[in-house]
Each structure stands twice: as structure tokens, then as C-alpha cells.
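Encoded as C-alpha cells, the structure appears first; notes follow it.
The values are calculated or read from the model by the stated rules, or taken from the named source; none is laboratory data. Quick caveat: nothing in here was measured; it's all calculated off a predicted structure. Because the Cβ atoms are built from the backbone with ideal geometry, glycine has one as well, and the counts that use them run over all protein chains shown.
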Amino acid sequence: MLGALVRLFVVLVVLVVIAAFFFGYRWGGTTEASRTREPAVGTTGSVAPDARDHAREVGAKIGGQVAVGAARAGDAVGEAALTAKVKSKIALDDTLRGSDVSVHTSGTTVTLDGRVASTAQHQRVMQLARETEGVGGVVDRVTVR
């Protein structure tokens, strides 16, 4: 009987400790973060003209870098779209069954690389790439088996 009461007491104490931990109770009233927290800084007042000019310069520089990055991303998306157009045309063409052609794009120039089974398939692959909207040139690295 005494052993059962001791076990029950230990289980209750463990449950209380676990519940306190999960509900965020901290013994001692303060945490390390609350003791080292710096006071809040207000956002009103005046700013020195030099600091304002420096902030504008930095903002302009960052804006220019963002514009360059956006242009590069746009180019990459355009190349990927062009590659997808040519690949889908080749994949959906019934006369090109059994061909193994990969497509790479740099700017508006499409490079075709791989193997086809016949001269007719070679001509068809080239035709599909050339007639795709947005293609400026086609580099032919396709071989006939």
C-alpha cells in the first residue's frame, strides 16, 4: 500500500514538471533572454544629413543590384521556356519516335544534341527547332545512327 502511494506521488510530480515545461513555466521568474534584452529604440526624431545621404546611396546601390538580378532571372526563365517549347514539339512529334535528342538554350540560340534513326528525322528535328517562336538560331549536333 505504501509503495503504491509513493509511485503515485512520483508519477504526479513527473506529470506536473512535464506540464510546466510544455506550458512555458520557468522557475526563478526570469530567463536568460529577458535579463540580456536591450531597451527598445524609438523611431521618431531627426537624422543627421550625412546618415540620410549614406542610406540613400546604399539603397540606390542595392536597387541597382536587384535590377541586375531580376534581369538575369528573367533571361534564365526565357531560356527555360524556349527549351521547354522545343522539347515538347520534339516529344509530341509522331515521326520522331525512337530519337534521343537533348535541347540546350543560350539566349535565343538552341543547341540540339543526340541521335536520330534517319535523315528524315534529322531534318524534322531541325525544322521543329527553327520554326519555334523565339528561336534565333539552331546549332546542329544531331547525328544519324
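Worth a mention:
- Among residues of the stretch 102-124, those that are of a type outside the set (Ser, Thr, Tyr) and within 15 Å of Leu82 (Cα to Cα), counted: 5
- Test result for Val125, modelled with pLDDT of 90 or more, on the phi < 0 side of the Ramachandran plot and not in a strand (DSSP E or B): yes
- Meets criteria (among the hydrophobic types (A, V, I, L, M, F, W, C), farther than 30 Å from Val144 by Cα, modelled with pLDDT under 70 and exposed (fewer than 10 other Cβ atoms within 10 Å of the Cβ)) for Ala40: yes
- Residues located in the stretch 58-117, provided they are in a loop (DSSP other than H, G, I, E, B), without any contact (Cβ under 8 Å) to a residue 24 or more places away in the chain and not charged (D, E, K, R): Gly98
- For the stretch 88-140, the set of residues classified as closer than 30 Å to Ala73 by Cβ, exposed (fewer than 14 other Cβ atoms within 10 Å of the Cβ) and not small (Gly, Ala, Ser) consists of Leu92, Thr108, Arg130, Glu131, Glu133, Val139, Asp140, listed by residue number.
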